[in-house]
Amino acid sequence: MSHWNIAAAQYAPLHDCVDDHVEHHLRFITAAAGQQCQLLVFPELSLTGPAGSDLGLPSPPGEQALAPIVEAVRTHAITVIAGLSVDVHGQRQKGLALFSPSQPRAIRYPQGRGACLMPGNPQLTIVDGKAELPTLDPLAALFASSQAVGESCWREAINRLQRFAHKHAIAVLMANAHGSSALWDSSGQLIVRADQGELLLTGSWGQQGWQGDIIPLR
C-alpha cells in the first residue's frame, strides 16, 4: 500500500426518508472526491435512519432508490460503505452496503462488528460481532466501523476500537453519527478525531504513515 486516501462521513440520519438520506450521501461523496479520497465510510443505518421505538428497523431500500449512489461512485471512482437494514434468513438486522465503481449495484452485508478491506479490492470481510476472538483477513489494511453511539457511550466505543487497532495491528476508521468519528493507526495511536456536527474526517496513508484532517461539510 503506497498511498491511500480515506474518509469517514459524520452524519446523523434522524428520520426514515431514504431519498433525503441519499441526497446527503451524494453531498458527502462529492466532498470526499474533492479530497481525492478512494474510500468513504458512513455511520450505522445512514441510508435508512434509526430504528423506531416500536416499529423496529426500517425496511431495506430498493435498488432504484440507491441508483444515484451507484452512479456517483462510478463518476468519482470512489468506494462507499453505507449503513442500512438487511433481511437475513427472515430476520431484519443492521447491515452495510458496499458501493464500488466496478459493481452495477450495491453489495449488501450484515453489519457485524465492522469490515476489513484492502485498497482497490471491491469486497468486504465482515468481522463477526459475536465472536470473542474475531478472525481478521491478514491482508487487510483497514478495519471500518460504522457507529451511531451517543455521548454517554463515546468513550467506551473509542477505547474499544483503539484497543482493537493495537491488538490486531490494523488501522481503524470509525464513522459515528453523533460525533467523535476517528482514525487510529495500526499501533492504536490516534491520528485524528472529530468533534460534533456534519463533517468529513479524512485520512491519508503515505511515506510518513497516516495523516488526518477535518473538513467541514458545506
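The values are calculated or read from the model by the stated rules, or taken from the named source; none is laboratory data. As the structure is a computational prediction, the values presented were derived from the model and not from experiment. Cβ coordinates were reconstructed from backbone atoms using ideal geometry, including for glycine residues, and neighbour counts include every protein chain displayed. Areas reflect the complete protein model, heavy atoms only, side chains present, ligands, DNA and RNA absent. Shrake-Rupley method; radii C 1.70, N 1.55, O 1.52, S 1.80 Å.
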Quick one: which of ARG74, ARG92, ARG113 is over 17 Å from the mean Cα position of the chain (by Cα) and within 30 Å of GLY206 (Cβ to Cβ)?
ARG74
Unique residue being farther than 22 Å from ALA182 by Cα and out of contact with any Gly (no Cβ under 6 Å at 6 or more places or on another chain) when the list is ARG27, ARG74
ARG74
Output for Cβ contacts, cut-off 6 Å, separation at least six or different chains, first residue among the charged types (D, E, K, R) in region 1-28, second open to solvent by less than 10 Å² (accessible area, probe 1.4 Å), reads ASP16/GLY49
Quick one: would you say PRO138 is without any contact (Cβ under 8 Å) to a residue 24 or more places away in the chain and part of a loop (DSSP other than H, G, I, E, B)?
yes
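Going residue by residue through region 107-121, is there one that turns out to be among the hydrophobic types (A, V, I, L, M, F, W, C), outside any loop (DSSP other than H, G, I, E, B) and either at pLDDT below 90 or farther than 30 Å from ALA67 by Cβ (or both)?
Taking every residue of region 107-121 in turn, none turns out to be among the hydrophobic types (A, V, I, L, M, F, W, C), outside any loop (DSSP other than H, G, I, E, B) and either at pLDDT below 90 or farther than 30 Å from ALA67 by Cβ (or both).
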Kindly establish whether LEU66 is at negative phi, in a loop (DSSP other than H, G, I, E, B) and surrounded by 15 or more Cβ atoms within 10 Å (Cβ to Cβ).
no
Failed item, numbered, when SER146 is tested on (1) more than 20 Å from GLU44 (Cβ to Cβ); (2) out of contact with any helix residue (DSSP H, G or I) (no Cβ under 9 Å at 6 or more places or on another chain); (3) of a type outside the set (A, V, I, L, M, F, W, C)
(1)
Cβ pairs under 7 Å, 6+ apart, first in region 156-171 and closer than 17 Å to VAL192 by Cβ, second part of a helix (DSSP H, G or I):
ALA171/ALA165
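Give ALA148, ALA171 a once-over and let me know the one that is in contact with an Asp or Glu (Cβ under 6 Å, 6 or more places away or on another chain) and buried (at least 22 other Cβ atoms within 10 Å of the Cβ).
ALA171
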How many residues of region 122-145 are open to solvent by less than 40 Å² (accessible area, probe 1.4 Å), at pLDDT 90 or above and not aliphatic (A, V, I, L, M)? The answer is 2
Hey, among the residues in region 77-106 that are open to solvent by 70 Å² or more (accessible area, probe 1.4 Å) and of a type in the set (S, T, N, Q), which one's farthest from LEU57 (Cα to Cα)?
SER102
So how many residues does region 1-56 have that are assigned to a loop (DSSP other than H, G, I, E, B), among the small types (Gly, Ala, Ser) and open to solvent by 10 Å² or more (accessible area, probe 1.4 Å)?
4
